[in-house]
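Chemist: Below is one structure. I have some questions about it.
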Amino acid sequence: MGDNLISWGDFEKVHLVVGTILEANVFEKARRPAYQLKIDFGEEIGVLKSSAQITHHYTVDDLINRQVVAVVNFPKKQIANFMSECLVTGFPDQDGHIVLTTVERKVPNGSRLI
């Protein structure tokens, strides 16, 4: 790790938050297979949109009502004709396909990783 060490203050700048996926649709205009997601992050943050390349392991039906962990304080990013407002997190499997970061038990939307 050496030079990649960060301070606690650096970590605190990243808002990793739990939200529940309300809607998932195939993102037709994406260059790589992806979904457009609407995620509820609770009253304080609200509902944000995200584009996620998670089509290998998940169907639209798999995603509805699933809680995920996302970074909610990145700048918005335009992807084709869609504005992504948060970054859904995950880990690549042995073939590089993303497995979503989730929580073991249901927690309130908007809960922040500490």
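Chemist: Quick one: work out the % antiparallel among DSSP beta bridges in the stretch 14-100, nearest 5.
Modeler: 100
Chemist: Any idea what the relative contact order of the chain is, in percent, if you count C-alpha pairs under 8 Å spaced at least 6 apart?
Modeler: 30
Chemist: Jot down the radius of gyration and Dmax of the chain, Cα atoms only, both in angstrom.
Modeler: Using the Cα atoms of the chain, the pair Rg, Dmax is 14.4, 42 Å.
Chemist: Another question, if that's okay. Within the stretch 9-114, list the trypsin sites (Lys or Arg not before Pro) lying in a DSSP loop whose Cβ has at most 16 other Cβ atoms in a 10 Å radius.
Modeler: Hits after loop and neighbour filter: 29, 31, 66, 76, 105, 106.
Chemist: Quote to one decimal, in nm, the extra length available between residue 61 and residue 104 on full extension: 0.36 nm per residue of separation minus the C-alpha distance between them.
Modeler: Result for the pair: 13.5 nm of gain on full extension.
Chemist: Which of the aspartates and glutamates could a cross-linker bridge to residue 106, judged by Cα under 15 Å and excluding same-chain residues fewer than eight apart?
Modeler: Candidates past the 8-residue exclusion: 40.
Chemist: Separate question: Longest span of the chain, sites excluded, free of GluC sites (Glu not before Pro) in DSSP loop with at most 13 other C-beta atoms within 10 Å?
Modeler: So the longest stretch without any such site is 29-103.
Each reported figure results from applying straightforward, stated rules to the coordinates on display, with no laboratory input. In this text, all values refer to a predicted model and were calculated from it rather than measured experimentally. Using ideal geometry, Cβ is built from the backbone for each residue, glycine included, and neighbour counts are taken over all protein chains shown.
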